[in-house]
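Please read the structure below before turning to the comments.
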Amino acid sequence: MSQRPSDQAIQVKPLAGHIGAEIHGADISKPLPDESVAAIRAALLKWKVVFFRNQPLGHAEQIAFAARFGEVTYAHPHEDEPFDEHPEILAIDSRRYDKRYGRRFSYENRWHTDVTAAVNPPAASILRAHILPPYGGDTTWTNLVAAYEGLSAPVRALVDGLRAEHRFGLRFAPQDQDSPYLRKVRENPLISVHPVVRVHPETGERALFVSPGFTSHIVGLSPRESSAILDLLFEQISRPSYTVRFRWEPGSVAFWDNRATAHLGPQDLGHLDVERVLYRVTLTGDIPVGVDGVRSEIVAGEPFGTRPPSKLKVARKDAPRPQAGAAEGARAAG
């Protein structure tokens, strides 16, 4: 009779000084005992992003693993062609991007925290590799708690009381203004105002909560003041000392605390003729709370949860839809 994994079997191996650890001794393709779930959660809260190697996950197993840590959301507020059997899965698929949006390898190519345009951004994200280029394609994460703590006391006091707007579709070139992606964003706008510093609901830590990908401006400041402060904070969160860079391998899984991290997709693939396919699920998040106790507010759209937004035009069941495929939907995908 085989032994089930226990918290004693799980080993946590830190990868960088401020963020990131590999977890060994857990087969997350199978049901985990409560002790193992608690040990993984503790490592996640401490190291902000944790990595697993050699995991034989398919879509169903990835969703089941995520569900041990919270409520699994719909794929994405703008995903209008979800997988029939697994609408929770978001495909980070260079092949789909080529057909729909032009050549790209990530949904957002700048530093960002996932779906902060929503009033309740995901609490966590879980990403697994399926098809990888032979080299390149790394992802980098940064610790937003360490970045906040690295600011001087007067700057921390300043940003503690600020709020900023987050939205999709920022900073596109003029020639891209009529792109399919931006048309979709305009049809289903999602805009929220968040504290620039949020208090983590589980650890009580303070974290910077801004990112170049989604933060448009600081509320109440002049454009010049807002740009100056955001530029300082964007530089702070991207300092190498607060980051960890992960080299994907077949069977790799990354699990990050979306309330305390930002991440950067691959920056080195645009000139290469390669494919890169990963699959992401997210967990329903709480509404961020600032140092002053004020909660985030919706400007446009609705909270992000298990169902697609009411304005999203999801493809009909009888229309052509992306299929997971035998290899992608089966265990041992990647």
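Among the residues of region 86-106, those that are part of a loop (DSSP other than H, G, I, E, B) and either among the basic types (Lys, Arg) or modelled with pLDDT of 95 or more (or both) comprise HIS86, PRO87, GLU88, ILE89, ARG103, ARG104. Counting the residues of region 235-248 that are of a type outside the set (Ser, Thr, Tyr) and surrounded by fewer than 18 Cβ atoms within 10 Å (Cβ to Cβ) gives 5. Is it fair to say ASP80 is over 27 Å from ARG167 (Cβ atoms), assigned to a loop (DSSP other than H, G, I, E, B) and at pLDDT below 95? Criteria not met by ASP80. Condition check for LYS48 on (1) farther than 17 Å from ARG128 by Cβ; (2) touching a Ser or Thr at 6+ places or on another chain (Cβ under 9 Å); (3) open to solvent by 10 Å² or more (accessible area, probe 1.4 Å); (4) among the basic types (Lys, Arg): one failure, at (3). Residues that are among the polar types (S, T, N, Q) number at least 3 in none of the strands (runs of 3 or more DSSP E) confined to region 207-297. Taken together, the residues in region 278-308 that are surrounded by fewer than 20 Cβ atoms within 10 Å (Cβ to Cβ) and more than 24 Å from ARG198 (Cα to Cα) amount to 1. When each of GLY220, GLY270, GLY251 is tested for being surrounded by fewer than 16 Cβ atoms within 10 Å (Cβ to Cβ), out of contact with any helix residue (DSSP H, G or I) (no Cβ under 7 Å at 6 or more places or on another chain), at positive phi and not aromatic (Phe, Trp, Tyr), the lone residue that passes is GLY220. Hey, any hits in region 32-50 for a residue that's hydroxyl-bearing (Ser, Thr, Tyr) and more than 21 Å from GLY285 (Cα to Cα)? Yes - at least one qualifying residue is present in region 32-50.
The values are calculated or read from the model by the stated rules, or taken from the named source; none is laboratory data. What you see is a predicted model, and the numbers here were worked out from it, not measured in a lab. When we count neighbours, we look across all protein chains shown, and the Cβ atoms used for this are built from the backbone with ideal geometry, even at glycine. Heads up: the accessible areas ignore ligands, DNA and RNA and are worked out on the full protein's heavy atoms, side chains in. Shrake-Rupley method; radii C 1.70, N 1.55, O 1.52, S 1.80 Å.
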